[in-house]
Amino acid sequence: MSDREEFTPRSKKKSQISEILKRLLMNHAAVVGMLIMLILIFAAIFADYVAPYSYEQQNLNEMFARPSLKHLFGTDNFGRDIFSRVIYGARISLFIGLTSVVLGCISGGALGAIAAYYGGRADNIIMRVLDVMNSIPNLLLAISLSASMGAGVGNAMIAIGITSIPIYARVVRAAVMTVKEQEYIEAARVLGVSNRRIILRHILPNSLAPIIVQASLGIAGAIITTASLSFIGLGVVPPTPEWGGMLSAGRQYIRNHWHMVTFPGLAIMITVMSFNLFGDGLRDALDPRLKR
């Protein structure tokens, strides 16, 4: 073995990942957001063990109970433990947020990659259709889709995923248009590599950074949209707990029983804040030039 240290592509990739993790961990706000996210994900996965009561267990003798050691967040108008319902609500909100982002990312990413790689008429047709979708406010489009399909977890995921397609398509299109002009892409074309293989094996893997950042920020937006749909009765169907639905159920009691809306509202705020903090930190870690 020579004295000169050899750097393989794999070791170079590991070095880049370690540098990204180092920059991410140096961002205190991102670390705080990541810790909150991990706690929420842990609570959502193990809700059956973390929550002291079942989310549908009613006790009419303890309706509107104030926060106490027995009921940390108090009880609602059916005597159900609000802390338990907030914990189970995290499972629903995170599941819908993650799934809808994956749906939007895959669909929008595929459209954006095709539009950028082939260009010409394909690019023009795809982007004009997405412009029409983008001209409609996301929440209004989600409400329209949910109203036409009906309330429910599955329909909410589809509606939110569809509204996010233009966002990911534009992000992927911009990234692919930058990458496709690189020399190794031209070399692959000269060697006769198929367009499908070039897109899947060479272009998309090198365009992941902006996609990952947008996805981390998009989960926060998906959670807010989920809560908004449930608040107006087009999202998760009761008695399944969801933070927006809990806010809607408690709004008529807000003057005398503040705890019914305070804790679900705080859950939404803290969750969205944690994903935004982590997304901002991840963006700075992946591209140090953006660091302020």
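Key figures
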{"item": "Selection from region 232-244 of residues that are in contact (Cβ under 8 Å) with a residue 40 or more places away in the chain and surrounded by 22 or more Cβ atoms within 10 Å (Cβ to Cβ)", "result": "L234, G235, V236, P241, E242, W243"}
{"item": "Pair list, Cβ under 6 Å, 6 or more apart: region 20-40 residue acidic (D, E), other residue modelled with pLDDT of 90 or more and surrounded by fewer than 17 Cβ atoms within 10 Å (Cβ to Cβ)", "result": "none"}
{"item": "Among residues of region 246-274, those that are under 18 Å from F78 (Cα atoms) and either among the small types (G, A, S) or assigned to a helix (DSSP H, G or I) (or both), counted", "result": "14"}
{"item": "Near pairs, Cβ below 7 angstrom, 6+ apart or cross-chain, from region 196-211 (closer than 18 Å to E181 by Cβ) to any residue that is among the polar types (S, T, N, Q) and outside any helix (DSSP H, G or I)", "result": "none"}
{"item": "Filter result (surrounded by fewer than 17 Cβ atoms within 10 Å (Cβ to Cβ) and closer than 13 Å to Y253 by Cα) within region 67-86", "result": "N77, F78"}
{"item": "Only one of L35, L21, L40, L25 that is aliphatic (A, V, I, L, M), buried (at least 17 other Cβ atoms within 10 Å of the Cβ) and in a helix (DSSP H, G or I)", "result": "L40"}
{"item": "The listed residue being farther than 30 Å from P52 by Cα and touching a Leu at 6+ places or on another chain (Cβ under 8 Å), out of M177, M133, M149", "result": "M133"}
{"item": "Residue in region 144-162 that is on the phi > 0 side of the Ramachandran plot and either part of a helix (DSSP H, G or I) or more than 20 Å from the chain's Cα centre (by Cα) (or both) present", "result": "yes"}
{"item": "Residues located in region 215-245, provided they are outside any helix (DSSP H, G or I), under 14 Å from I92 (Cβ atoms) and not hydroxyl-bearing (S, T, Y)", "result": "G235, V236, V237, P238, P239, P241, E242"}
{"item": "S93, sole failed condition from (1) more than 25 Å from L204 (Cβ to Cβ); (2) free of Cβ contacts under 8 Å to residues at least 60 places away in the same chain", "result": "(2)"}
{"item": "Residue within region 176-184 that is outside any loop (DSSP other than H, G, I, E, B) and in contact (Cβ under 8 Å) with a residue 40 or more places away in the chain present", "result": "yes"}
{"item": "Qualifying residue in region 64-87 (condition: under 15 Å from T271 (Cα atoms), of a type outside the set (S, T, N, Q), touching a helix residue (DSSP H, G or I) at 6+ places or on another chain (Cβ under 9 Å) and part of a helix (DSSP H, G or I))", "result": "yes"}
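Yes/no per residue for (1) of a type in the set (V, I, T); (2) over 17 Å from V236 (Cβ atoms); (3) surrounded by fewer than 19 Cβ atoms within 10 Å (Cβ to Cβ):
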site: L139; (1), (2), (3): no, no, yes
site: S146; (1), (2), (3): no, no, no
site: R173; (1), (2), (3): no, yes, no
site: M177; (1), (2), (3): no, yes, yes
site: V193; (1), (2), (3): yes, yes, yes
site: R196; (1), (2), (3): no, yes, yes
site: I199; (1), (2), (3): yes, yes, no
site: L208; (1), (2), (3): no, yes, yes
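The values are calculated or read from the model by the stated rules, or taken from the named source; none is laboratory data. All values derive from a computational prediction rather than experimental measurement. Because the Cβ atoms are built from the backbone with ideal geometry, glycine has one as well, and the counts that use them run over all protein chains shown.
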